[in-house]
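Accompanying notes for the structure given below.
What follows draws every value from the coordinates through simple rules; no lab data is involved. Just so we're clear, the structure is a prediction, and the values are computed from it rather than from any experiment. Here Cβ is always computed from backbone atoms with ideal geometry, including for glycine, and neighbour counts include all displayed protein chains.
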Amino acid sequence: VTTPLTESNRATVTGRPPMGTPVTDEATEVVVVKTPAIDVQKTARVTATDAPINEGDTLPAGTKVTYSYAVTSNQGNDALRVSKANNGGVTDTKCTPVTYVSGDTNSNNLLDLTETWTYECTTRLLPSSQDGTVRNVATATGKWSNPDNKPQNNGDVTNTDDFTIKTSSVANLRV
């Protein structure tokens, strides 16, 4: 939901005094319903050449790879508080530290609905499974903006994206 949702609530109370006319009062409150969302899209490239890596590509084990993470909140209707600290807004199961690069165009430290924040991380491909694949999962995490400091659900808003690269091993024999 990308447009603000509102809910109107009206309460009416009537009091009947022992003598005289009943007294009535009413109040209406309009509540903005926030539906925060976050999205992370992960891509990879060979660090030395900037050549893009596609999901499932095969590279030599030990290749240095740079992962890029594009984080947006335009799936929801609330700007999010997302950390720019290393391993704060985005974490990765196989690469650390994930570092904020750019995207906070108005420097308000909120991932606004029109912004895309970019993070990066560089690592060497070291297969952790017998089939020679490196599968890692990136997680983007944000918190509701809560500009009026009102009680609300302040839980984490998260999204994940995984990326798998196959590795090939070349035997080296030294005499």
Quiz item: What are the residues whose amide H is under 5 Å from the amide H of residue 59, where those residues sit 5 or more places off or on another chain and H is modelled from the backbone?
Solution: 166, 167, 168
Quiz item: Between residue 158 and residue 114, 0.36 nm times their residue separation minus their Cα-Cα distance comes to what?
Solution: 14.0 nm
Exercise. Throw me the Rg/Rh for the range 17-99, computed over C-alpha atoms with Kirkwood Rh, two decimals.
Key: 1.48
Exercise. Report the label-to-label distance for residue 41 and residue 137 in nanometres (one decimal), using points 7 Å from each Cα along the Cα→Cβ vector.
Key: 2.2 nm
Exercise. Could you pull the Cα extents of the chain along its three principal axes, largest to smallest, in whole Å?
Key: 110, 35, 22
Exercise. Work out, step by step, the length gained on full extension between residue 7 and residue 107: first 0.36 nm times the residue separation, then minus their alpha carbon distance; give nm to one decimal.
Key: 32.9 nm
